Each structure stands twice: as C-alpha cells, then as structure tokens.
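This report concerns only the one structure given below.
The values are calculated or read from the model by the stated rules, or taken from the named source; none is laboratory data. From a predicted model like this one, the values you see are computed outputs, not experimental measurements. Please note that ligands, DNA and RNA were not included when accessible areas were found on the heavy atoms of the full protein model with its side chains. Shrake-Rupley method; radii C 1.70, N 1.55, O 1.52, S 1.80 Å.
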Amino acid sequence: PGAGEIAVDTFEDVFLAVKGMKADYGVVQIDNSRTGAIGETYDLLRKYGCFVVGKVKVPIHHCLMAPQGARLEDVREVLSHPEGFAQCRNFLQGKSWDLTACGNTAVAAGKVAQSTDKRKAAIGSARAAELHQLNVLVKDIMDDPKNRTDFVIIARTPEYDSSSDIVSLTFATPHRAGALCEALLPFMAMGIDLIRIESRPASMGNYRFFVEIEGNIEDQAVKLSLSQAASVCEYLEVTGCYKNV
C-alpha cells in the first residue's frame with residue numbers, strides 16, 4: 001500500500017535511482033534463456049555496489065508494434081533494446097530495416113508512439129503496445145516460443161531471511177593457472193551446488209567472476225566456504241542472498 005513506481009530509460013539509471021535514494025528497489029534483467037547473461041547488469045552490480053534481494057523468471061513475448069494505421073510494408077526503422085533484437089534475430093533476418101538501439105524496450109515503444117511516423121516500429125511486449133496505443137503488426141516474433149528472462153530486484157542494503165536459498169557473489173582471482181579452481185574448491189568440498197558462473201572483463205587479461213550457489217548466508221557450510229574462497233581471491237564480495245522464485 002502506498003508504493004509508487006518510477007520509469008527510467010536505461011539499466012544504469014535503475015542503479016543510479018536506487019543508489020541515489022530516489023527508489024528503494026530496482027528491477028533489471030540479468031539473464032535470458034535464449035541469449036544468455038546480460039553483461040551490463042553484472043558490470044553495474046559491481047560498479048554501484050547494490051545488492052540482489054530477489055530474482056524472478058518471466059516469460060517474454062515480443063511483438064512488432066507501430067503507430068495506428070501503419071502496415072508491415074511501411075516499416076523502415078525498428079527500435080528496441082539490443083536484447084530485443086538478439087531475441088528476435090530470425091524474424092529480423094533478411095529485412096532491410098534500420099535497427100536503432102534504445103535503453104530498453106519500453107523506451108523504444110514510447111519513442112515510436114511520440115514520433116507517429118508510420119515508418120518506425122518497435123520490438124517489445126504487447127503490454128507496451130497497449131500502454132502507448134500502438135498497433136501490433138506481428139505477434140510472438142521471438143526466436144524461442146519459450147523465451148524467458150530472469151529479472152533481479154536490487155537494493156542499497158542486503159535483505160534476506162530463512163527462506164532465502166541462493167547466495168550470489170563476485171570475486172577476482174590472481175592471474176595464474178588453477179586460480180579459479182582454487183576459489184571454487186571450498187564449495188565443492190562442502191557439497192554446495194554451483195548454480196551459475198559468469199565472467200566479465202575487468203582489465204586487459206583480467207576477469208571478475210559472478211557466481212550463484214545454493215544455500216543461505218547463515219548456513220555454517222556457506223560461511224566457511226566463503227571464508228576459504230576469499231583467502232585465495234584478490235577480492236570476494238557477497239552481492240545478495242535471496243529466494244529464487
């Protein structure tokens with residue numbers, strides 16, 4: 001009750017709103033079943049030091065939308081987030097449309113609605129088309145009919161309870177053979193399941209890793225594993241403990 005929502009243009013704006021206390025929570029995409037990890041979100045988690053406090057899987061159905069009265073043959077330019085283009089690659093293949101990247105699919109829909117140019121279209125959800133009073137030219141244009149995106153909820157401080165069953169962390173290892181194995185060995189030794197591992201470039205030849213493990217930050221086995229892993233890493237930070245819905 002009393003909760004409000006604000007809309008921003010880019011993923012980074014979400015983090016800035018949370019970090020700058022303009023919002024208590026933010027929601028951003030972090031992974032797609034078709035295109036994989038969304039590297040920008042991982043980089044922003046590290047850059048702004050926000051915490052993951054929740055995660056949810058959402059079915060994604062993309063459509064092609066345009067101003068009222070527009071026809072498919074009128075389209076010359078399509079706007080969307082790069083992820084939207086990537087998830088609809090088969091539909092776009094062979095079409096001589098200009099593709100213009102936007103901060104997110106909602107922004108793309110808004111820009112098309114504001115322009116009223118029948119040559120412009122957007123890729124996004126049917127809900128976005130409804131909100132901006134756009135006409136859906138083609139439904140379900142995504143490559144995978146089971147297309148799904150994982151969204152994370154971010155906050156300035158960690159939040160968790162006994163029901164939380166995922167711990168996420170980020171770390172960097174020394175640049176030498178076997179360093180990553182050493183960092184992960186404590187979790188294997190404790191029988192802790194590794195759910196996800198992603199790497200992101202930190203500098204030339206160096207990488208930071210983002211990992212999700214099963215467990216709760218209060219579990220003794222998790223605490224011990226984190227302590228042992230941290231002892232062989234250049235740095236290790238817990239980025240969240242939450243329930244995977």
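In µm²/s, what is D for region 138-245 at 4 °C and 1.567 mPa s, where D = kT/(6 pi eta Rh) by Stokes-Einstein and Rh is the Kirkwood radius from Cα pairs? Don't skip to the end; give the middle numbers.
On the way: Rh = 15.4 Å.
Translational diffusion coefficient: 84 µm²/s.
Would you mind checking the pairs Lys55/Lys223; Lys111/Lys139; Lys22/Lys55; Lys47/Lys111 and listing those with alpha carbons more than 26 angstrom apart?
Pairs exceeding the cut-off: Lys47/Lys111.
For Ile195, tell me the accessible area in Å² from a 1.4 Å probe, rounded to the nearest 10.
80
Whole Å is fine, so just give me how far the alpha carbon centre of region 30-58 lies from that of region 161-195.
Here the answer is 18 Å between Cα centres.
Taking the Kirkwood radius as the inverse of the mean 1/r across Cα pairs, report the Rg/Rh of the chain. Show your work: numbers first, answer last.
Working: Rg = 20.5 Å, Rh = 19.7 Å.
Reported Rg/Rh, Kirkwood definition of Rh: 1.04.
Just the accessible area per residue of region 156-245, please: how many Å² with a 1.4 Å probe?
So region 156-245 comes to 54 Å² accessible per residue, rounded to a whole number.
At a 1.4 Å probe, what is the % contribution of carbon and sulfur to the accessible area of region 1-135? Before the final figure, lay out the partial values.
Numbers: 3510 of 7010 Å².
On region 1-135, the fraction of accessible area on carbon and sulfur atoms equals 50 percent.
Can you give the three extents of the C-alpha atoms in region 159-211 along their principal axes, from longest to shortest, in whole Å?
Each principal axis gives a Cα extent; for region 159-211 these are 40, 25, 14 Å.
Order Tyr207, Tyr242, Tyr48 by their accessible area, 1.4 angstrom probe, all chains in place, largest first.
Tyr207, Tyr48, Tyr242
Report, in whole Å, the centroid distance computed from the Cα atoms of region 116-132 and region 210-241.
Rounded to whole Å, the Cα centres lie 43 Å apart.
Report, in deg cm²/dmol and to the nearest 500, the calculated mean residue ellipticity at 222 nm for the chain, where each DSSP H run with n ≥ 4 adds -39500 (n - 2.57) and the sum is divided by the residue count.
That calculation yields -7500 deg cm²/dmol at 222 nm.
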